[in-house]
Structure formats: C-alpha cells, structure tokens
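The values are calculated or read from the model by the stated rules, or taken from the named source; none is laboratory data. The structure presented is a predicted model; accordingly, all values stated were derived computationally and were not measured. We place every Cβ from the backbone using ideal geometry, glycine too, and count neighbours over all the protein chains shown.
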Amino acid sequence: MNHCVPETKIKKSLKGYIFVCTRNTEAECFERLLFGSSKAYGSPVLKIRKGDVLFLHNLDTNTVSGVFRAASKGNLNIEPDAWSGKYPYQVKFDTLENKICLNSAKRILRKLEWSRNVILSGSKLSYLLDMFAYEAASLNDLLLRRRVGSVGESKDIKSEEGSPPIEATTLWDFSKQSYGINPKGDNKYAGVTPALVIYNLLWKYTEPGDLVVDPMCGSGTTIDVCKEENRKVIGYDISPTRDDIIQNDARKIPLEDESVDMVFIDPPYGDNLKYNEHPDNIGKISSDSIQYYDDLEKVMIESHRILKKGKILAWLIGDQWLNNQFTSVGFRTYERLRKHFEPVDIICVSRRGQSSHTENWINRSRRLGFYLRGFKYLIIERKSLRKQELAEE
Ligand SMILES: C[S@@+](CC[C@H](N)C(=O)[O-])C[C@H]1O[C@@H](n2cnc3c(N)ncnc32)[C@H](O)[C@@H]1O
C-alpha cells in the first residue's frame, strides 16, 4: 500500500462526527450498535443525518475506531435505558467494512484541531478517513470509489462545523453576536441579544421539543436559536420586526397557565435606546423611575403564570450610568424577580459590540472619570415547585 497520504476528497455533503467513550462505556456501544452523548454535547448529535460517518474515541485507551455509518439520524433517547440514561443524545450505527482501531488518537485529533462539538467535513474528514484507509486496503478501495479529487483543490470546502461549546463558568464573553452558518436575529438591531446566551440557556435548562417564549423578542434572536436547536418557540414584541413575531404587550401574554418550559427576556434597560414609537413601548420609561420596575414586574407575573412549575425564567439586564449618576437596574430588577421566583444563578455577560465602545467614548470615560458598562447580568430564576409562591412571603 502507498504510505503517503492518499488525499481523498469526499463528497461536500458528507459529514463526520466523533463520539467519545471510556473503558466502561465502550462495550455497550457495540452491544447496542448505538453511540451516545450527554446533554452538554447534544446539539451536534441532533445534526447527524442517516449515512453520516462516525468514529469512536476511547479516552482511556487513547484510540479512535471506525469507520462507522449513522444508521439513524441523531435523536434524543433512541434507547432510553442505554448507559443508565447518562448519554441520551444518541445515534444508531453500522460498521463500514471491518472495524479499525487507530492508536495515538489524541495526537491525530490534535492535528485535526478537533473538539467535542465539532462536526467534520471537507479536508479534515478526508484526513481522518485517510488515516483509516492506511489500515485497510479494502476500506481504501471503498474510499477510492468515492474519490473525486485531491485535498489541495478543496479549499472551498468548509472543514468543520457543529455546535459551539457549552459555557462552563458564570462569566460569558462572546466575540460575535451570532454563531453558526445562519444568522440569529439581526446584529444591526439596537439592543440585540448575543445568540450564544440563548443557546447556552436552551442546552442547560430545556430539552428538544420544549416550548420557549420570548415576550420581547426584538429582531427574533430567540426564535432563530430555538428553531436551530429543535425547540418550539413563540416570540412576541410590542412592535414586531418580522412576520414570525406576534404583536403583543408583554404585560399580558395570551398563553395558558403553566404551558411553557422556559421564558427568556432581554427587555429595554430604561429609555437609553430608541426601539420604536409604540406608545406601550417600555423602552420609553426611565429606569430611574418606579414605573419602569412596576411595569416589568407585570411581565414577571405573566411569565410566572405561563411557566410550568419548576421551569426557568432567564432575564438579561444591564445597569445605567447617565448624567453622572449610577442606577443599579440589575439589583433593582433582581429584587422584583425574587418576589415571585426562586434564585438559580447569575451569569455575568460581557458587553461587546456596544455602540458606546468607541475610541471617542473610551477617551471620554477616562477624561471624565466614569466607567463604560462592561457587563450585563443574566438572572436565572425558577418557578417554585411549591404551591404557595414566594410573592406572599
Ligand atoms: C433589548 S430589545 C430585545 C432584543 C432581542 N432579544 C433581540 O435579540 O433582537 C427589547 C425589546 O422589547 C420590546 N418591548 C418594549 N416594550 C414592550 C412591551 N410592552 N411588550 C412587548 N415588547 C416590548 C422592544 O420593542 C424591543 O424590541
């Protein structure tokens, strides 16, 4: 066999995904012909289509085996009792030719710059398939039948896609408003939410098929993220920017009691941004005034009513510095939320791409001795499982 890399170019549409196992979990994969992942890596698994190429990386033995083919699409709980329910994002597979096991997997995967949420395609998938092709002339023949050119010609092929990693700490700093191939929301919309905020909330607090509601969804970021991550979604706004947003005042939400699995809200933080001229736009009310908090408390009460017990409300909010005066919008919002919900967590979300983060404003802040707002609070609250809610306490 020729021992230089055969440089197989594969069909543009072919995708590859590497599952991970340990000594303890590998046998069950082959008994059931099933690969599984935890929820933290659920998003890329749901993107696997029947016929995609699969591999299995054993962390303990430092091997990667393959080549497998997805015999189903990726789904939740194909076999709910597998691995005692620990890895519910699953796909059925069969083996292409004979199973081959490569050693020094970590070195190979480092070369591919692989990480758990990556889906391989193009030249990176070719490279990995070629590693297997060395090991089996028969598999090589099979690959040769698919061969249409060399890697050198395939610069237009995107080498990897997949899903962003799930955040591990309470400090979230996203360099871009959106992620993935399709835009989420409109990054030109004043006050647009970073899509990865919503993505992380979905993968932490909801399951595929759950219903998510955004009562103030602006340019529709929540709708786009939910659709891509297989959640049902309803988005409202006082002044809709797209056809799939329903016109509604968030102080009265037209949904049944206890019918929703998560509510996400990124409201106006006062009257600092001009969203629209609608008379009921809460973004016309100053966050210095009690009325701002009273009105938003109505939204909290409605969110509480529509949420199922034990489910999550996530509220993104930033403080205000205006006319040399600080307003603690975040803490004041938190106090109102605490009247109705149980605390779960608070995340600090870095404010990148703010219109005030310009050379001019940075100079002004240094000269005049104030700080530009560098972060927002993502307040995560739960509707109590108890019958009597905290508001009465
Ligand atoms: C910060 S923006 C939301 C941004 C959105 N998450 C996005 O990514 O595009 C706040 C939104 O609240 C909406 N809004 C203000 N008052 C409202 C009300 N009473 N009911 C519903 N929406 C309202 C505004 O129109 C604006 O689109």
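Residue-by-condition table, conditions (1) modelled with pLDDT under 90; (2) assigned by TED's automatic domain parsing to the domain that holds Y205; (3) out of contact with any Asp or Glu (no Cβ under 6 Å at 6 or more places or on another chain):
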| site | (1), (2), (3) |
| --- | --- |
| F132 | yes, no, yes |
| E135 | yes, no, yes |
| L139 | yes, no, no |
| G152 | yes, no, yes |
| I157 | yes, no, yes |
| I181 | yes, yes, yes |
Review point. What is the one condition in (1) surrounded by fewer than 16 Cβ atoms within 10 Å (Cβ to Cβ); (2) of a type in the set (A, V, I, L, M, F, W, C); (3) in a strand (DSSP E or B) that A27 does not satisfy?
Key: (3)
Exercise for review: Please specify each residue of the stretch 60-76 satisfying the condition of being in contact with a strand residue (DSSP E or B) (Cβ under 6 Å, 6 or more places away or on another chain) and within 24 Å of I108 (Cα to Cα).
Suggested key: T63, V64, S65, G66, V67, F68, R69, A70
Check your understanding: Of the residues that make up the stretch 288-303, is at least one more than 9 Å from the ligand (Cβ to nearest atom), touching a residue at least 40 places away in the same chain (Cβ under 8 Å), in a helix (DSSP H, G or I) and in contact with a strand residue (DSSP E or B) (Cβ under 8 Å, 6 or more places away or on another chain)?
Key -> yes
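Residues in the stretch 248-285 that are within 25 Å of the chain's Cα centre (by Cα) and within 9 Å of the ligand (Cβ to nearest atom): how many? Full working, then the answer.
To start, the set of residues in the stretch 248-285 that are within 25 Å of the chain's Cα centre (by Cα) comprises 250, 258-269.
Next, from what is left, pick out any that are within 9 Å of the ligand (Cβ to nearest atom): 250, 264-269.
Number satisfying all stated conditions: 7.
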Review point. What's the number of the condition A195 fails, among (1) within 14 Å of the chain's Cα centre (by Cα); (2) more than 16 Å from the ligand (Cβ to nearest atom)?
Key: (2)
Review point. Hey, among the residues in the stretch 368-393 that are assigned to a loop (DSSP other than H, G, I, E, B) and over 30 Å from Q325 (Cβ atoms), which one's modelled with the highest pLDDT?
Key: K383
Review point. Which members of the stretch 221-245 meet the condition of being in contact with a strand residue (DSSP E or B) (Cβ under 6 Å, 6 or more places away or on another chain) and either within 10 Å of the ligand (Cβ to nearest atom) or polar (S, T, N, Q) (or both)?
Key: T222, I223, G235, Y236, P240, I245
